[in-house]
1. Mind listing whichever residues of segment 167-211 are out of contact with any helix residue (DSSP H, G or I) (no Cβ under 8 Å at 6 or more places or on another chain) and modelled with pLDDT of 95 or more?
2. Since Phe233 meets every condition but one in (1) part of a helix (DSSP H, G or I); (2) in contact with a helix residue (DSSP H, G or I) (Cβ under 7 Å, 6 or more places away or on another chain); (3) surrounded by 15 or more Cβ atoms within 10 Å (Cβ to Cβ); (4) modelled with pLDDT of 95 or more, which condition does it not meet?
3. Tell me which residues, restricted to segment 218-229, are surrounded by fewer than 18 Cβ atoms within 10 Å (Cβ to Cβ) and under 10 Å from Asp38 (Cα atoms).
4. From the set of residues in segment 56-98 that are in contact with a Gly (Cβ under 6 Å, 6 or more places away or on another chain) and surrounded by 22 or more Cβ atoms within 10 Å (Cβ to Cβ), which is nearest to Leu204 (Cα to Cα)?
5. So, in segment 262-286, of the ones that are more than 18 Å from the chain's Cα centre (by Cα) and surrounded by 20 or more Cβ atoms within 10 Å (Cβ to Cβ), which residue ends up farthest from Gly151 (Cα to Cα)?
6. Please count how many residues of segment 268-289 are in a helix (DSSP H, G or I) and either in contact with a His (Cβ under 7 Å, 6 or more places away or on another chain) or free of Cβ contacts under 8 Å to residues at least 12 places away in the same chain (or both).
7. Of (1) small (Gly, Ala, Ser); (2) in contact with a helix residue (DSSP H, G or I) (Cβ under 9 Å, 6 or more places away or on another chain); (3) farther than 30 Å from Ser150 by Cα, Ala291 satisfies all except one. Which?
Amino acid sequence: MTSKRALSGTAFATLLLIALMMGANHVAARIAFNHGVDVATAVVFRSAVTALVIVCLLAVQGVRVSFTRRHKLMLPLIGVLVGLQSLSLYSAVARLPVALALLAFNTYPIWAALWSWAIYRHRPERPLLIAMPVILLGLALALDVFGAASGLGAQGQWLHIGAGVAFALAAAAVFGLALVVTQHEAGDVDGRVRTATTMSMAGLVALAMVATQGGFHLPQAPAGWGGLLALTFLYGTAFTIMFTVLPRLGVVGNSAIMNVEPVFALVLAWLILGQTIAPIQVLGALIVVGAVMALGMRKR
């Protein structure tokens, strides 16, 4: 949801900064993964530090915390869902070009609409029904589903990207469910409190995954440590800005402008990781981002 007022220049720049930091977080994660860090370790570090920062913020601001019985049931569920989403999305980032992983994840509005219909019997709005095929067309172009741009053919392309796309779509599906449950069951909880509980639970989910894998997989090179520290700093800082600066600028919650994150990731991954995609894939990426932004900016 965005503010009904027109965004100020400062608010617009802040939203773009958050999108840039979130995109950079995923590029940093790929660097960490390339140097020995596993997905679960990255999620534990990121979630624990972010939760700690938000808890300190709550203490400094003197926020009173109280939960209803429904909140006590649903907030842990939301946290588990976000934990699974984080593990799935980072698994996609470890297997795909970063921008493509984020684009596949950007199908979450479709999943949210499907979950809302399945669980709460809310019919999808007409703008979403119009945007769905546009998003899917753009995603098909971006992923080069027929392998024309890569020259691998459809079978070769899916052997190459299939696992990563599956993880990204799983992340989108789980995140869509988390959004729907949050809206209907915990929408009245203070966003800072909800984020603290969510990040804490997500960290515990990832910690359980770490235990099943025999412990933390820490970086094996200085670049890996840099990536791990950078992803933790960028993610935690972006969330802190979201809950401290944006409310003062008249922006409520997330904004559609932040959906330019895959575009930032595309540029950063090219500059830092040397990841490139074909022009037709760039066109597909812009179609997906444009459609998702249009959905977020529509009048309600």
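1. Matches in segment 167-211: Ala208, Ala211.
2. The failed condition is (2).
3. Answer for segment 218-229, where residues must be surrounded by fewer than 18 Cβ atoms within 10 Å (Cβ to Cβ) and under 10 Å from Asp38 (Cα atoms): just Leu218.
4. If we take residues in segment 56-98 being in contact with a Gly (Cβ under 6 Å, 6 or more places away or on another chain) and surrounded by 22 or more Cβ atoms within 10 Å (Cβ to Cβ), then Ala92 is nearest to Leu204 (Cα to Cα).
5. It comes out as Gly284.
6. Counting residues in segment 268-289 that are in a helix (DSSP H, G or I) and either in contact with a His (Cβ under 7 Å, 6 or more places away or on another chain) or free of Cβ contacts under 8 Å to residues at least 12 places away in the same chain (or both) gives 3.
7. With (1) small (Gly, Ala, Ser); (2) in contact with a helix residue (DSSP H, G or I) (Cβ under 9 Å, 6 or more places away or on another chain); (3) farther than 30 Å from Ser150 by Cα applied to Ala291, the lone miss is (3).
Okay, residues lined up against (1) part of a helix (DSSP H, G or I); (2) without any contact (Cβ under 8 Å) to a residue 40 or more places away in the chain; (3) under 23 Å from the mean Cα position of the chain (by Cα):
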residue: Ala42; (1), (2), (3): yes, no, yes
residue: Ser47; (1), (2), (3): yes, no, yes
residue: Ala59; (1), (2), (3): yes, yes, no
residue: Arg70; (1), (2), (3): yes, no, no
residue: Pro76; (1), (2), (3): yes, no, yes
residue: Leu84; (1), (2), (3): yes, no, yes
residue: Leu89; (1), (2), (3): yes, no, yes
residue: Arg95; (1), (2), (3): no, no, yes
residue: Ala99; (1), (2), (3): yes, no, yes
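The values are calculated or read from the model by the stated rules, or taken from the named source; none is laboratory data. As the structure is a computational prediction, the values presented were derived from the model and not from experiment. In this analysis, Cβ positions are derived from the backbone assuming ideal geometry, glycine residues included, and neighbour counts consider all displayed protein chains.
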